[in-house]
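Chemist: There's a structure below that I have some questions on.
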């Protein structure tokens with residue numbers, strides 16, 4: 001059901017990409033997008049217009065590196081890998097997300113969960 005898919009929340013894409021690369025190793029952009037969708041049980045969708053500018057920004061920040069290689073179907077693809085700086089950033093992003101999500105959870109529980 002396409003209507004059930006959601007766009008990635010602002011500020012979470014970096015976290016999800018870095019976590020995916022840390023867990024699975026180098027992947028091409030399509031592989032990253034499909035893995036995020038799989039882990040979200042198809043709730044999240046990543047389109048090229050969202051993912052590739054984010055990958056470029058993360059590479060410019062030094063959080064990921066890239067190199068050309070061949071994909072599973074033998075097509076030329078750019079593979080992305082997390083760097084040491086990216087692992088540090090992943091730690092910070094994870095900490096920030098946990099703090100923010102617990103804050104949101106307090107609001108959801110406020111006044112007995114009404115509203």
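None of the figures in this text is laboratory data; all of them are computed from the coordinates on show. Keep in mind it's a predicted model, so treat the numbers as computed, not measured. Here Cβ is always computed from backbone atoms with ideal geometry, including for glycine, and neighbour counts include all displayed protein chains.
Chemist: Normalised by the residues of the chain, what does the relative contact order come to in percent, with Cα pairs under 8 Å and at least six apart?
Modeler: This gives 27 percent for the chain.
Chemist: Something else now. Just to be sure I understand: if I project the alpha-carbon convex hull of segment 2-113 onto a plane and average over all orientations, what area do I get in nm²?
Modeler: Taking the Cα atoms of segment 2-113, their convex hull projects to 8.3 nm² on average.
Chemist: Quick one: order 43, 17 by neighbouring beta-carbon count within 10 Å, fewest to most.
Modeler: 43, 17
Chemist: Further question: For the pair residue 12 and residue 92, how long in nm is the line joining their label points, each one 7 Å along Cα→Cβ?
Modeler: 2.1
Chemist: Share of antiparallel DSSP beta bridges in the chain, in percent to the nearest 5?
Modeler: 80
Chemist: Helix-only mean residue ellipticity at 222 nm, the chain, DSSP H runs n ≥ 4 weighted -39,500 (n - 2.57), per residue, nearest 500. What is it?
Modeler: It lands at -18000 deg cm²/dmol.
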